[in-house]
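Chemist: There's a structure below that I have some questions on.
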Amino acid sequence: MSSGGLCDLHQAHGPAERREDGMERYCNEVAAALMPLGAFLADHTVRAMDGGHRWRLDELREVSRRFGPSPEAVLLRLVALERTSGIDEAYALAAARERKRRRSAHGGPSFCVA
């Protein structure tokens, strides 16, 4: 599940798929809550950043690799612990570019959507 969880539901279109986005968010929230608090706060990357830090995708991925859940789950954990002021604008732009790339890819929709 460390590479998209339930699938990349963001590439789906329509009301039914948007409900699935809610499930993806729920799964990320559960994964965030299951990260061990002590180990998470002791992580050298988490420890090095203050509560006002705007996390970049590469930083979230680095922490994600050590704990297992997605970068989105790591971000949710950081928000819950007030260890971030949000995400770096580059993260949001990169996520938007990736969604656009996937929508325009040849070969049909993801098997998760089909």
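Chemist: Which of the following residues is at pLDDT 90 or above, β-branched (V, I, T) and exposed (fewer than 13 other Cβ atoms within 10 Å of the Cβ): V30, V46?
Modeler: V30
Chemist: If we keep just the residues of the range 87-99 that are at pLDDT below 70 and in contact with a Phe, Trp or Tyr (Cβ under 8 Å, 6 or more places away or on another chain), which is nearest to R61 (Cα to Cα)?
Modeler: Within the range 87-99, the match that is nearest to R61 (Cα to Cα) is Y91.
Chemist: Under 9 Å by Cβ, and 6 or more places apart or on different chains, what pairs join a residue from the range 66-84 that is surrounded by 15 or more Cβ atoms within 10 Å (Cβ to Cβ) and part of a helix (DSSP H, G or I) with one that is β-branched (V, I, T) and modelled with pLDDT under 90?
Modeler: Going by the 9 Å Cβ cut-off, the qualifying pairs are L75/T84; L75/I87; L78/T84.
Chemist: Taking the range 1-27 as the region of interest, how many residues are modelled with pLDDT under 70 and of a type in the set (S, T, Y)?
Modeler: Going through the range 1-27 one residue at a time, the tally reaches 2.
Chemist: Among all residue pairs at least 6 apart or on different chains, which show Cβ distances below 7 Å where the first residue, located in the range 8-37, is under 26 Å from R83 (Cβ atoms) and part of a loop (DSSP other than H, G, I, E, B) and the second is modelled with pLDDT of 70 or more and of a type outside the set (G, A, S)?
Modeler: M35/F67; M35/P69; M35/R77
The values are calculated or read from the model by the stated rules, or taken from the named source; none is laboratory data. Everything numeric here is computed off the predicted structure, so don't read it as measured data. FYI the Cβ positions are ideal-geometry reconstructions off the backbone, even for glycines, and counts take in every protein chain you see.
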